[in-house]
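Structure record follows, encoded as structure tokens.
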Amino acid sequence: MLVSTNDAFMAVNRIKLPHKFSMLTVPAYDAGVEANDESCKYILGPPCGNANSASDVAGEGFVHIHSGIHGIGDLSTAKHDWRNPVAKISIRRMKHY
């Protein structure tokens with residue numbers, strides 16, 4: 001899960017293994033289980049640090065690409081916004097012995 005969010009995460013699925021080397025970027029996804037109100041009351045990681053708090057307001061109900069922080073709650077876009085991609089993965093084929 002990404003910090004400063006209540007239900008954003010990074011994941012990959014079905015990566016085609018390269019013959020020699022490959023690098024890919026990965027977006028953040030929104031789990032869609034909680035409303036994205038950006039309230040520190042429901043954010044586990046920095047800068048909020050609330051343990052085991054979950055919003056009872058339902059989210060979208062489906063996984064989709066996350067759109068980042070918009071400054072609608074306790075988080076400022078200037079300090080906490082991010083956009084996709086959120087990870088870079090390098091895959092290199094190793095010599096087989």
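A few notes on this one:
- Cα-centred dipole magnitude for the chain, charges only on beta-carbon of K, R (+1) and D, E (-1), debye, nearest 20: 1140
- Over the chain, the ratio between the Cα radius of gyration and 2.2 N^0.38 Å evaluates to 1.31.
- Under a Gaussian network description of the chain, with springs only between Cα atoms under 10 Å, the residue in His19, His80, His70 that fluctuates furthest is His19.
- Selected from Asn13, Asn36, Asn50 as most flexible by GNM, with the chain as the system and alpha-carbon contacts under 10 Å: Asn13
- Residue of Asp56, Asp81, Asp37 that the Gaussian network model of the chain assigns the largest fluctuation, springs spanning Cα pairs under 10 Å: Asp56
- For the chain, calculated [θ]222 nm from helices alone, where every DSSP H run of n ≥ 4 adds -39500 (n - 2.57): -500 deg cm²/dmol
- With contacts taken as Cα pairs under 8 Å at a separation of at least 6 residues, the chain carries a relative contact order of 35 percent.
- Of Ser4, His80, Tyr29, farthest towards positive along the dipole that unit charges on Lys, Arg, Asp, Glu beta carbons give the chain: Tyr29
- Among the listed pairs Lys16/Lys95; Lys16/Lys79; Lys20/Lys79, those whose Cα-Cα separation exceeds 27 Å are Lys16/Lys79; Lys20/Lys79.
Rule-based calculations on the coordinates, nothing more; no lab input. Since we're looking at a predicted model, the values are computed, not measured. Positions of Cβ are backbone-derived with ideal geometry, glycine not excepted, and every protein chain shown enters the neighbour counts.
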